[in-house]
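The values are calculated or read from the model by the stated rules, or taken from the named source; none is laboratory data. Since we're looking at a predicted model, the values are computed, not measured. Using ideal geometry, Cβ is built from the backbone for each residue, glycine included, and neighbour counts are taken over all protein chains shown. Each accessible area value is taken on the protein alone, full model and side chains, heavy atoms only, with ligands, DNA and RNA left out. Shrake-Rupley method; radii C 1.70, N 1.55, O 1.52, S 1.80 Å.
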Amino acid sequence: MFANLSDRLTETFRNLRGKGRLTEADIDGTIREIRRALLDADVAVPVVRTFTGNIRERALGAEVSGALNPGQQVVKIVNEELVSILGGEARSLKHAKTGPTVIMLAGLQGAGKTTLAGKLAHHLKGQGHTPLLVAADLQRPNAVNQLQVVGERAGVPVFAPEPGVTREGERVKGNPVKVAKKGLKEAEQRQHSVVIVDTAGRLGVDQELMKQAADIRKAIEPDEVLFVIDAMIGQDAVATAQAFDQGVNITGVVLTKLDGDTRGGAALSVREVTGKPILFASTGEKLDEFEVFHPDRMASRILDMGDILTLIEQAERSFDQAEAARMAEKVSKGEDFTLADFLVQMQQLKNMGSMKKMLGMLPGMGQMREQLDNFDERELVRIEAIVQSMTPAERDNPKILNGSRRSRIAAGSGTQVSDVNSLVKRFEDAQKMMRAMTRGGGMPQMPGAGGGPGAWGGLPGGKKSRGKQAAPKKVKGKSGNPAKRAQQEAAARDRTAAPQQGAPGSAFGLGQPQPDFDPSAVDADLSKYFK
């Protein structure tokens, strides 16, 4: 989502960096590029005018002219205005003080209301609620059956007293208003904490169907009326949102299909035009690809600043705390990281969802969008198959993997021997890094910081010692005279034994008194330079 808009804005801001002072022409040029990027993203024209006008007014003010880095200050202003236009701060659902919380879904047909009803129920169930889905969409063919399937996947009961339309051309049977009222009574009797009513979608702004939605709202008096909108709808989002707001008085917005090839204009338009907050966003087809909408995090994604908080929240939901504690204890004890541990960590990583989405939440990953798009998610499946084709002994000790064992593993996992070799090689590199971190108490040292066990030589791409000590380099300037050599060695021992601390306020041993230079310690062939 927002890929094109993010790329355009990032390129615009790149031109500002490094400038010690911004002229009015620089700011006007930046505003012009931002305006073009927003219009290309299908953001409503009135919203673009308001947005760029606010940025220009602030950019020409004292907060930019007096900044140490004007370019970064402009980026900060754009980020703050994006957060403002997206809603300022996240708003949670309003829950009823007594009785079940009633949520009504409304929107155009094809926006994904039925699927979203299951996602919302699954989300609320994970928070400890007991939701009930009510099938009040009796118009679209097989809408009731679809909601029952979605409810079964989410593990949530569905109240569907009427079958609805089952094929094209069939006359509508049943009254959706009565179904909604019966669903509310059913929830009260079964003591459900939340009722989610799925209403019929409209092919357009249909007055008759809008009146039906208004009648349902009046009958059940919902705590929330969520307008479900397709993020790819573009400029039509404004007129549609305004029509639904006037017809049923929506209280919040839910964006769907944010994982598609969308320009994101709806997200930036609906909130500003209707004044109603965006509560949730659907980011995929799976039930768990559904998240609370945070304006500040979405603005950071648009500006390629990443979304670390959402990534952390997903990790906390997906990772087993007991397993994480076991791994931490194992590393602290200096025990080897095995392929069995690697398999467990990979399976937990898969539980977090798409690797592309997770990597896309890291700051600066917009510059690697092409590599992310070409990333094959099936690679994780192949790696998992290779490890699972190994015996427990092979996972604990990959060194026993000879040629015949590797051939057997490749055949068992449906891969090539070269794939097995590549995995083992990468694992050995990772294992060396883990050992270096355990011994050194942190990340391996930087090149040139020492050749101990924490040196970078054990990392991928580094030089390998192959278990041999490096031969000592010959030091120039050693005398061939035994007496002089003994004198030099004694002086070297004295320097080694001397404390390496520097004087107060110094670093790296600087500030120590240096011995007087002794020309007699230099080889005879160099003594001519001291005459």
Point to revise | Efficiency of FRET between residue 24 and residue 173 - r from beta-carbon atoms, R0 60 angstrom, step 0.05 | key: 0.35
Study note, to complete from the structure: For residue 236, the accessible surface traced by a 1.4 Å probe with all protein chains present amounts, in square angstrom to the nearest 10, to 100 Å²
Study note, to complete from the structure: Stretched fully, the stretch from residue 347 through residue 32 gains (0.36 nm per residue minus C-alpha distance, one decimal, in nm) 108.7 nm
Review point. Which whole-number percent gives the relative contact order of the range 108-260, counting Cα pairs below 8 Å spaced six or more residues apart?
Key: 26 percent
Review point. Here are some pairs, 76/432; 257/425; 125/181; 76/125; 257/432; which of them have Cα atoms lying more than 31 Å apart in this structure?
Key: 76/432; 257/425; 76/125; 257/432
Review point. At a probe radius of 1.4 Å, what is the per-residue accessible area of residue 80, in Å² to the nearest 10?
Key: 70 Å²
Point to revise | ³J(HN,Hα) computed for each position of the range 102-113 - Karplus, 6.51 cos²θ - 1.76 cosθ + 1.60, integer Hz, glycine/proline x | key: 9, 10, 10, 9, 9, x, 6, 5, x, 6, x, 5
Point to revise | Using a Förster distance of 41 Å, the FRET efficiency for residue 91-residue 45 (Cβ separation, nearest 0.05) | key: 0.95
Study note, to complete from the structure: Residues meeting the amide H criterion for residue 159 (H placed from the backbone, H to H distance under 5 Å, 5 or more places apart or on another chain) are 133, 134, 135
Practice item. Would you pull out the residues with amide H under 5 Å of residue 193's amide H, same chain only if 5 or more places away, H placed 1.01 Å from N? Key: 130
Check your understanding: Of the cross-linked pairs 113/185; 94/218; 185/286; 211/286, which ones have a Cα-Cα span greater than 25 Å in the structure shown?
Key -> 185/286; 211/286
Study note, to complete from the structure: If R0 = 25 Å, then residue 405 and residue 430, at their Cβ-Cβ distance, give a FRET efficiency to the nearest 0.05 of 0.80
Practice item. With the Cα gyration tensor of the range 163-217 in hand, give its eigenvalues times 5 under a square root as the equivalent ellipsoid semi-axes, listed largest first in whole angstrom. Key: 24, 15, 9
